[in-house]
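The values are calculated or read from the model by the stated rules, or taken from the named source; none is laboratory data. Source: prediction; values computed, not measured. For neighbour counting, all protein chains shown are included, and Cβ atoms are generated from backbone atoms with ideal geometry for every residue, glycine included. To get the accessible areas, we keep the full protein, side chains included, count just its heavy atoms, and leave off ligands, DNA and RNA. Shrake-Rupley method; radii C 1.70, N 1.55, O 1.52, S 1.80 Å.
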Amino acid sequence: QVQLVESGGGLVQAGGSLRLSCTASGNIYHITTMGWYRQAPGKQRELVATKTSGGTINVADSVKGRFTISRDNDKNAVFLQMNGLKTEDTAHYYCNALLPIMIQGVGRYLEVWGQGTLVTVSS
């Protein structure tokens, strides 16, 4: 069993900053990709930013230049520094991890989600 625990959400005024943290625990050998997704009310869940263990970063255009993702591979943790927050950044933010596993001799990925943390940006 692998669990993701997020922290750092809250209420902030537009233009402010927040830092989200997520730590994975459980039976972990390696985490290929860790990242953040978000879901605003009435909208689909969307990618915010991900980072592979090798350092490849993928960031949504809507947050480029404002949000920074980082990882601590030794601690199985991922962070999201959010600066210049806008009201449209209001959403539940979910931590995500992809772990390589073997099922009947076939390599696959186990996808794990955190419970989500709410970020509210007021005008």
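One residue stands out among those in region 17-55 that are of a type in the set (Gly, Ala, Ser), touching a strand residue (DSSP E or B) at 6+ places or on another chain (Cβ under 9 Å) and open to solvent by 20 Å² or more (accessible area, probe 1.4 Å): the one that is nearest to Cys95 (Cα to Cα), which is Ser21. Within the option set Asn73, Asn83, Asn58, being of a type in the set (S, T, N, Q), surrounded by 13 or more Cβ atoms within 10 Å (Cβ to Cβ), over 13 Å from Ser17 (Cα atoms) and in contact (Cβ under 8 Å) with a residue 24 or more places away in the chain holds for one residue only, Asn73. Per this entry, Thr52 is counted among residues that are touching a Ser or Thr at 6+ places or on another chain (Cβ under 9 Å) and of a type in the set (Ser, Thr, Tyr). Evaluation of Asp89 against the conditions (1) open to solvent by 40 Å² or more (accessible area, probe 1.4 Å); (2) among the acidic types (Asp, Glu); (3) over 19 Å from Ser25 (Cβ atoms) shows that the sole unmet condition is (1).
Taking first residues from region 41-54 that are farther than 18 Å from Leu20 by Cβ and partners that are not in a loop (DSSP other than H, G, I, E, B), the Cβ contacts under 6 Å between residues at least 6 apart in sequence or on separate chains come to Thr52/Thr33; Ser53/Asn73.
The set of residues in region 100-123 being modelled with pLDDT of 95 or more and assigned to a strand (DSSP E or B) consists of Glu111, Val112, Trp113, Thr117, Leu118, Val119, Thr120, Val121, Ser122.
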